[in-house]
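The values are calculated or read from the model by the stated rules, or taken from the named source; none is laboratory data. Computed from a prediction, not measured in an experiment: that's the story for all the values here. FYI the Cβ positions are ideal-geometry reconstructions off the backbone, even for glycines, and counts take in every protein chain you see. Side chains included, ligands, DNA and RNA excluded: accessible areas come from the protein's heavy atoms. Shrake-Rupley method; radii C 1.70, N 1.55, O 1.52, S 1.80 Å.
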Amino acid sequence: MAPIGAASACKRAVMAAVAIALITGPAPADSISRWTVAAYLSGDGDLGASAHRYLEMVARGTNQAGWAATAQIDETGPGGECLARRYAWTWQEEERQCNTESVPDREAGVNMGARETLSDFLRWVRRTAPGERYALIIMGHGTGVAGSEDDTSGGLTQSGVALDRSAGGDCLTAEELAAGIKGGFEGAEDEGLEVLFLDCCYGGSLEVAYELRGAVRYMTGAPGEIPNPGLPWAEILSRAGREEEISGREFVQTCLEVVEERNGEQPEEISLVGVDLGRIARASECLKVFVDAAAPHMREVAPSVTLAHSRCATWGEQREFCDAAGLLNGMADETDGNLAKAARSAAEAVSASVLGRVGELAEAESGIGIFFPGELSNVPRSYDTDCGGFTAASGWKEFLGCYLRRLRDLMGRTAQCERTEGSGADSSPQG
């Protein structure tokens with residue numbers, strides 16, 4: 001999420017008080033909610049005010065029969081100390097109650113970028129506010145797959161979401177995000193996590209979606225930045241709750257509809273894509289077929305890759321994400337035979353996983369990003385460690401490596417020719 005200035009401690013306290021005050025409303029149908037919404041709010045640093053605003057929106061939006069809300073907020077206190085609290089809005093004797101507690105049972109911060117922190121929170125959610133279905137909202141800063149240099153990280157490259165500045169800039173990588181969710185629902189008799197809403201920058205990629213398959217059914221994310229003030233959760237949750245029964249797919253579509261309406265009223269648009277994670281494995285399989293056809297012939301294929309990449313949408317600080325289906329369809333247009341067929345098939349599989357997209361993504365061919373270095377450098381080691389499942393299954397790291405080596409080789413030859421011509425050397429025999 002793009003940063004905003006921190007609000008005063010007084011303002012944050014008022015916003016929290018408003019959230020806690022929302023304790024009354026219509027009686028629930030039974031003790032187990034139809035939907036339990038969990039908000040994981042990483043507010044350390046400059047997102048403290050945003051985290052409290054989200055707290056209030058989630059409380060207000062779920063104040064209806066059959067819905068429960070929970071939240072964990074991590075922030076920097078007025079004295080610079082780290083504070084972490086949990087909130088639960090549940091129904092007791094026909095009244096909505098808000099319970100709060102410190103995490104973990106003490107006034108101290110937690111590392112929101114650790115998978116076990118996420119797992120522990122989700123286990124607490126299931127104990128405190130059991131539901132038939134669960135939705136998880138993650139709010140915080142996110143970085144691209146290539147990572148970013150954070151002042152608090154000691155020079156280490158960070159890659160992921162829910163970045164925690166007080167924990168050395170740690171964040172949940174795609175692999176840790178999936179592991180944290182699975183750990184939170186391990187041994188559960190319920191249906192597991194139905195929907196994940198990544199309200200963070202750079203979360204809408206094939207790499208993230210692939211790691212999440214099997215841990216979540218549906219997700220929303222953005223391949224680029226999500227500007228403040230973020231998603232309008234009070235409206236999204238209120239509209240979703242008006243339906244007697246709403247599925248995870250419909251929940252995602254409701255989110256996209258509300259964001260699209262909000263975009264028409266705000267100067268800065270939010271771009272968001274909804275993904276059916278049950279279709280991502282097929283997309284990866286088709287991508288692997290394309291990679292196997294293209295990589296051995298990179299000498300001939302590289303110019304087509306460059307042209308296709310130049311024509312498709314890109315996102316990120318270094319433009320390190322490009323539209324996956326756009327790149328593949330571009331390759332299909334620039335090649336022929338089995339390679340063109342494989343590229344088109346992969347593009348169709350990626351697009352088939354999309355439930356909808358809004359903002360500038362509406363003009364993209366899929367709205368799902370895939371890593372493509374914005375500079376002629378090696379593929380970062382973090383790409384393997386953070387997205388190992390995807391790189392192994394799709395072969396995409398191999399493809400990028402072949403492509404980048406070919407470009408560097410061509411640039412080296414060009415530079416050598418220029419040096420030779422500039423020296424004025426005459427290669428003709430002496431007479």
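Things worth noting here:
- Which of 229, 273, 297, positive extreme of dipole for segment 229-305 (C-beta unit charges): 297
- Nearest-0.05 FRET efficiency for residue 297 and residue 247, computed from C-beta distance (R0 45 Å): 0.55
- Nonlocal amide H pairs with residue 201, under 5 Å, H built at 1.01 Å: 142, 226
- For segment 169-289, alpha-carbon Rg over 2.2 N^0.38 Å: 1.11
- Distant-in-sequence amide contacts of residue 372, defined by a placed amide H-H separation under 5 Å and a gap of 5 or more residues or a different chain, comprise 321, 322.
- The solvent-accessible area of residue 297, taken with every protein chain present and a 1.4 Å probe, is close to 100 Å².
- Here the 3J(HN,Hα) profile of segment 134-142, calculated from phi with Karplus coefficients 6.51, -1.76 and 1.60 at θ = phi - 60°, is 10, 10, 10, 9, 10, 10, x, 6, x Hz, Gly and Pro shown as x.
- Accessible surface, per residue, of segment 227-334 when the full set of protein chains is kept, probe 1.4 Å, Å²: 43 Å²
- Rounded FRET efficiency, nearest 0.05, which uses the C-beta distance separating residue 409 from residue 307 and R0 of 25 Å: 0.85
- Dimensions (Å) - segment 362-401, Cα atoms, principal axes, largest first: 32, 24, 17
- For residue 279, solvent-accessible area (1.4 Å; no DNA, RNA or ligand), Å²: 110 Å²
- Residue 321 accessible area, 1.4 Å probe, all protein chains in place, Å² to nearest 10: 0 Å²
- Net charge in the neighbourhood of residue 239 (other residues with Cβ under 12 Å of its Cβ; Lys, Arg +1, Asp, Glu -1) is -3.
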